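The values are calculated or read from the model by the stated rules, or taken from the named source; none is laboratory data. Just so you know, these numbers come straight off a predicted model, no measurement behind them. Here the Cβ positions follow ideal geometry from the backbone for every residue, glycine too, while neighbour counts run over all protein chains shown.
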Amino acid sequence: KQEVTQIPAALSVPEGENLVLNCSFTDSAIYNLQWFRQDPGKGLTSLLLIQSSQREQTSGRLNASLDKSSGRSTLYIAASQPGDSATYLCAVVNSGYALNFGKGTSLLVTP
Amino acid sequence: NAGVMQNPRHLVRRRGQEARLRCSPVKGHSHVYWYRQLPEEGLKFMVYLQKENIIDESGMPKERFSAEFPKEGPSILRIQQVVRGDSAAYFCASSRKGAGDTEAFFGQGTRLTVV
């Protein structure tokens with residue numbers, strides 16, 4: 001059974017810092033990995049999708065890497081802003097359709 | 001382009017009543033998934049549907065819960081005889097192909113409160 005773990009569970013940083021969120025998964029036979037953002041009381045916003053054959057994806061200030069063999073992914077956020085405050089969720093797909101989610105990292109960026 | 005639309009956003013039901021949650025996928029998407037998020041828990045897969053077919057319902061409780069995705073109209077998640085433990089946020093996602101191939105997009109969720 002796939003287990004997805006996200007570390008740290010919570011993170012508070014001052015505005016402008018670069019930061020790294022970690023995601024690990026136990027079963028490396030994944031199809032893809034997706035990072036989401038969830039604001040309080042809201043839905044999920046897709047940030048980046050990395051296919052199993054890819055090593056990284058970039059979108060603006062976000063960069064996600066994937067090391068499938070070691071079961072790890074990182075989300076790098078450059079020059080953090082207060083508007084980045086949210087919960088960041090990592091999810092992997094094993095059997096072709098169901099996303100397996102971690103419990104998320106709650107990020108607070110202070111002005 | 002409209003994203004995944006879920007309604008209602010908030011739903012309050014008394015114990016024993018029925019809850020019907022609706023999800024309209026992104027236009028052109030024929031794959032729909034339902035997830036449940038309990039307080040302080042991660043999102044858990046419930047059911048995967050394609051038009052008129054349930055592909056995998058392994059994450060859905062065997063009793064009281066059902067889902068459909070008819071040829072016309074939205075996908076419906078139905079919970080009969082709700083209990084307090086059903087209180088949660090229910091999210092619908094859609095994708096153009098199976099989630100193993102393409103990006104999944106989520107709706108804003110329906111927050112069900114059972115009183």
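Points to keep in mind about this one:
- Hits in segment A:82-102 - residues which are surrounded by 13 or more Cβ atoms within 10 Å (Cβ to Cβ), more than 14 Å from the chain's Cα centre (by Cα) and farther than 23 Å from B:Glu41 by Cβ: A:Gly96
- Of the strands (runs of 3 or more DSSP E) contained entirely in segment A:28-80, those carrying at least 1 residues that are of a type in the set (Val, Ile, Thr) fall at A:44-51, A:56-59, A:72-77.
- Some residue of segment B:48-63 being within 14 Å of chain A (Cβ to nearest Cβ), of a type in the set (Ser, Thr, Tyr) and on the phi < 0 side of the Ramachandran plot: yes
- Counting only residues that are closer than 19 Å to B:Leu11 by Cβ and part of a loop (DSSP other than H, G, I, E, B), segment B:61-85 holds 8 of them.
- Restricting attention to segment B:27-60, the residues that are of a type in the set (A, V, I, L, M, F, W, C), part of a loop (DSSP other than H, G, I, E, B) and either more than 19 Å from B:Val115 (Cα to Cα) or touching a residue at least 60 places away in the same chain (Cβ under 8 Å) (or both) total 1.
- Among (1) surrounded by fewer than 17 Cβ atoms within 10 Å (Cβ to Cβ); (2) without any contact (Cβ under 8 Å) to a residue 12 or more places away in the chain - the single one A:Gly43 does not satisfy: (1)
- Within segment A:86-102, restricting attention to residues that are assigned to a loop (DSSP other than H, G, I, E, B) and at the interface with chain B (Cβ under 7 Å from one of its Cβ atoms), the residue that is modelled with the highest pLDDT is A:Gly102.
- Looking at B:Pro74, B:Pro70, just one residue is under 20 Å from B:Asn7 (Cα atoms), more than 11 Å from chain A (Cβ to nearest Cβ) and touching a residue at least 24 places away in the same chain (Cβ under 8 Å), and that residue is B:Pro74.
- Close Cβ contacts (under 6 Å, 6 or more residues apart or on different chains) running from residues in segment B:4-26 that are loosely packed, with under 13 Cβ neighbours inside 10 Å to residues that are of a type in the set (S, T, N, Q) comprise B:Gly16/B:Gln81; B:Glu18/B:Gln80.
- Residues of segment B:51-108 satisfying the condition of being surrounded by 16 or more Cβ atoms within 10 Å (Cβ to Cβ), modelled with pLDDT of 95 or more and hydroxyl-bearing (Ser, Thr, Tyr): B:Ser75, B:Ser87, B:Tyr90
- Matching residues in segment A:63-85 - criterion: being among the hydrophobic types (A, V, I, L, M, F, W, C) and either without any contact (Cβ under 8 Å) to a residue 24 or more places away in the chain or within 14 Å of another protein chain (Cβ to nearest Cβ) (or both): A:Ala64
- Within the option set A:Ile50, A:Ile30, being under 18 Å from B:Tyr33 (Cβ atoms), buried (at least 17 other Cβ atoms within 10 Å of the Cβ), within 12 Å of another protein chain (Cβ to nearest Cβ) and not hydroxyl-bearing (Ser, Thr, Tyr) holds for one residue only, A:Ile30.
- On inspection, A:Phe25 does not qualify as within 11 Å of chain B (Cβ to nearest Cβ) and touching a residue at least 40 places away in the same chain (Cβ under 8 Å).
- Qualifying positions in segment A:13-27 - among the polar types (S, T, N, Q) and either under 15 Å from the mean Cα position of the chain (by Cα) or exposed (fewer than 12 other Cβ atoms within 10 Å of the Cβ) (or both): A:Asn18, A:Asn22, A:Ser24
- Residue in segment B:95-102 that is farther than 25 Å from A:Gln57 by Cβ and outside any loop (DSSP other than H, G, I, E, B) present: no
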